[in-house]
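Below is one structure, written out as structure tokens; the observations come after it.
Every read-out reported here was derived from the displayed coordinates using simple, explicitly stated rules and does not represent laboratory data. Remember, it's a predicted structure, so these values are computed and weren't measured experimentally. Glycine gets a Cβ as well: all are built from the backbone with ideal geometry, and neighbour counts include every protein chain shown.
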Amino acid sequence: MDNMKIDKKLDIRGQVCPYTLVKSKLGVESIEVGQIIEILLDYPEAADSIPKAMLNYGHSVLKVEKINPKEWVIQVKKEVED
Amino acid sequence: MEFTEEQLKRYSRHIILPEVGGKGQKKISGAKVLIVGAGGLGCPVGYYLAAAGVGTIAIVDNDRVELSNLQRQIAHSVKTLDMYKADSAKQTFEALNPDVNVIAIKERLNSKNILGLFKDYDIIVDGTDNFPTRYLINDACVMLKKPLVSGAILRFEGQVTTILPGDGPCYRCLFEEPPPAGLVPSCQEAGVLGVLPGVIGALQATEVLKLIIGKGKPLNGNLLIYDALGVNFRKVKIPKNEDCPVCGKNPSIKELTDLSEEYCSI
């Protein structure tokens, strides 16, 4: 999984809910079905809520990883048109 | 168009909806809606469309704000008494959302000006209080093939329908001719619960937004009737009339005419 091609990277550190989701949603809208977006964030609740929201939108969550005590990386594969 | 940080905040609850998203919000920003009447219905319709960020909202009304309007016409206030309703509403909507371009048209609709006023808009909203204008709007929308979201209120009851010319019935399919003057009382004669146009106007605004984003099922082919006292919503199917004088196979109405104005206004 770690060598999977990332089509877009989104840095939303410093953002809080609901803007973490707003920016992640717009990020997913900007890629094509089948492509992968990697989201870097530091708002703890979003590490939990964004993967859930992405599954609800119909996308796949490939990875949720805490990379250091304050930051997370989430990889989402776009599965459906917006 | 890219969203500013301010717009991301303002429209965040829309953008996270799967049915709207950034794409739908951009459609809303690009939409042009014309509302006939800045009264009981036009005020809430315009208020919610302005809040939603509809890019251009035109309001057609040549009346001035009176104290008796304030029981239900929520865009106006004691500060805008005697002002043109279109200007008063413009002031209110622009204060709510500076993204929106509000165009105040202080004219009375007639058979001569209606096509020119409607032609540049995507969707027309009927918030009028009288039958001659309601039929004129219907006929003009059929001729221009413009979607029309129509609302009506009296006492404790209201109705909403969406007319998509070429896809379902028009207002004349339901009632071919307006009722004789004096048969149906006006709100001025019969009264109206102040909140009723808020309910019906909010339903009209919902229909407009659904049409703009292209999601859900519009109300075309149905009349939604709300009875506030009994708390009932009834959806009644309206068949398309193949012999309709304006949208039927062989229409007899090919030009717009002004009906008599023996109706009083709300």
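Figures for the structure shown
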item	result
Entries of A:LYS78/B:LYS9; B:LYS106/B:LYS249; A:LYS66/B:LYS210; A:LYS52/B:LYS32; A:LYS70/B:LYS9 with Cα pairs more than 32 Å apart	B:LYS106/B:LYS249; A:LYS66/B:LYS210; A:LYS52/B:LYS32
Longest exposed-site-free window of chain A, the sites being trypsin sites (Lys or Arg not before Pro) in a DSSP loop that have at most 14 other C-beta atoms within 10 Å	A:14-69
Axial C-alpha extent at least 24 Å, average Kyte-Doolittle at least -0.5 - helices from chain B (DSSP)	B:196-213
Cα-based reach from A:LYS63 at 13 Å (exclusive), listing aspartates and glutamates while leaving out same-chain residues under 8 positions away	A:ASP2, A:GLU38, A:ASP48
Trypsin sites (Lys or Arg not before Pro) within the range B:122-181, DSSP loop, no more than 16 other Cβ atoms inside 10 Å	B:LYS145
Order of B:PHE156, B:PHE233, B:PHE3, B:PHE93 - criterion: other Cβ atoms within 10 Å of each residue's Cβ, fewest first	B:PHE233, B:PHE156, B:PHE3, B:PHE93
Residue pairs, from the table B:LYS23/B:LYS90; A:LYS25/A:LYS77; B:LYS26/B:LYS215; B:LYS90/B:LYS119; B:LYS27/B:LYS145, whose Cα atoms sit over 18 Å apart	B:LYS23/B:LYS90; B:LYS90/B:LYS119; B:LYS27/B:LYS145
Label-point gap, in nm, between B:ARG13 and B:MET1 - each point 7 angstrom along Cα→Cβ	2.0
Cross-link partners of B:LYS217 among aspartates and glutamates (Cα-Cα below 14 Å; sequence separation of 8 or more within a chain)	B:GLU19, B:ASP167, B:GLU207
Gain in span if fully extended, B:LEU115 to B:SER252, counting 0.36 nm per residue against the direct Cα distance	47.5 nm
Histogram of C-alpha separations across the protein assembly as shown, 20 Å bin width, %	28, 47, 22, 3
Computed [θ] at 222 nm, helices only, for the protein assembly as shown once each DSSP H run of length n ≥ 4 contributes -39500 (n - 2.57)	-9500 deg cm²/dmol
Nearest-ten-degree value, helix A:19-29 long axis tilted from longest Cα axis of chain A	20
Shape of the range B:20-237, Cα gyration tensor, a/c cut at 1.5	rounded
Amide H within-cut-off set for B:ARG64, under 5 Å, with H built and near neighbours excluded	B:LYS85
Using θ = phi - 60° and Karplus 6.51 cos²θ - 1.76 cosθ + 1.60, couplings along the range B:173-178 (whole Hz; Gly, Pro as x)	5, 7, 10, 4, 10, x
Neighbouring partner chain Cβ atoms per residue of B:12-23, average, 10 Å criterion	5
